[in-house]
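Here the structure comes first, spelled out in structure tokens, and everything after it is commentary.
Values quoted throughout were computed directly from the atomic coordinates according to the rules given, and no laboratory measurement underlies them. Values in this document were obtained by computation on a predicted structure and should not be read as measured data. When we count neighbours, we look across all protein chains shown, and the Cβ atoms used for this are built from the backbone with ideal geometry, even at glycine.
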Amino acid sequence: MLFDDIQKNECYENRLLNKYRNSNIISFRLRILYLIALVYNIQSEMNFEKERFNMEQQERQKNLLTIIDTLRDYGQRLTEGLSSEDLNWTPKETKGKSILEIFRHILEGELYWLDFIGHKTPKTLDQLPSLDSTELLDLYLSLQSFLKKLVKQSMDTDLVPKDPKEGATLAWVIWHTSFHTIHHLAQVGYLRYANENPPDSEAVNTSWDNTMDSLISLGM
């Protein structure tokens with residue numbers, strides 16, 4: 001009788017032990033599954049953030065490239081069909097600048113700020129005074145591809161406008177010089193009309209209205 005009781009107790013203890021072991025195995029497996037799910041979620045979130053980061057960077061690049069192309073295309077339209085005499089013409093009895101002088105001034109601002117943030121430009125500020133009308137306008141147009149190349153090569157931090165007091169970025173330089181350029185291109189347009197030689201009215205895509213609408217849509 002005693003022996004039977006001992007056997008019963010041993011069986012009961014074994015069942016408890018097996019149950020405990022099985023419980024631990026299940027618990028361990030659940031922990032493994034939880035860790036796998038946790039790692040998967042973290043990885044998914046990281047992939048999502050990376051994708052969002054890339055999309056934001058692409059959007060910033062796209063906006064900056066649009067600004068560059070829009071203003072350069074309009075600037076090119078304003079100089080088409082102009083002779084050397086037209087480029088150097090100023091209204092009588094005024095102290096205003098000629099079209100050529102205005103473009104030289106626009107380039108001064110661009111070259112200054114690009115140099116300020118450490119980019120070596122095709123020409124330097126010191127070389128501007130010696131450039132003739134053809135060389136000057138060629139430089140204005142060549143900076144289009146130069147600026148676009150900088151934007152495409154830039155990291156995200158350089159695509160966000162940042163005040164010069166905090167360390168100017170390429171994005172800030174492009175926005176800043178674009179405001180400056182818009183102001184002076186309006187003067188160029190005025191000079192063309194004042195000299196009775198307005199730009200081609202058929203070029204709708206590069207009209208002043210279309211240019212301003214394009215820039216305003218970007219938040220300028």
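Numbers at a glance
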{"item": "Label point distance in nm, LYS148-PHE179, each placed 7 Å from Cα along Cα→Cβ", "result": "2.6 nm"}
{"item": "Computed magnitude of the charge dipole of region 60-216 (debye, nearest 20; Cβ of K, R +1, Cβ of D, E -1)", "result": "480 debye"}
{"item": "Chain lengthening between THR124 and SER83 when straightened (0.36 nm per residue, less Cα-Cα)", "result": "12.2 nm"}
{"item": "Whole-Å semi-axes of region 89-159's equivalent ellipsoid (Cα gyration tensor)", "result": "28, 12, 11"}
{"item": "At R0 = 35 Å, FRET efficiency that the Cβ-Cβ distance of MET55 and ALA186 yields, to 0.05", "result": "0.50"}
{"item": "Long pairs among LYS97/LYS148; LYS97/LYS165; LYS62/LYS152, criterion Cα-Cα beyond 20 Å", "result": "LYS97/LYS148; LYS97/LYS165"}
{"item": "Rg/Rg_globular for region 60-216, with Rg_globular taken as 2.2 N^0.38 Å and Rg from C-alpha atoms", "result": "1.05"}
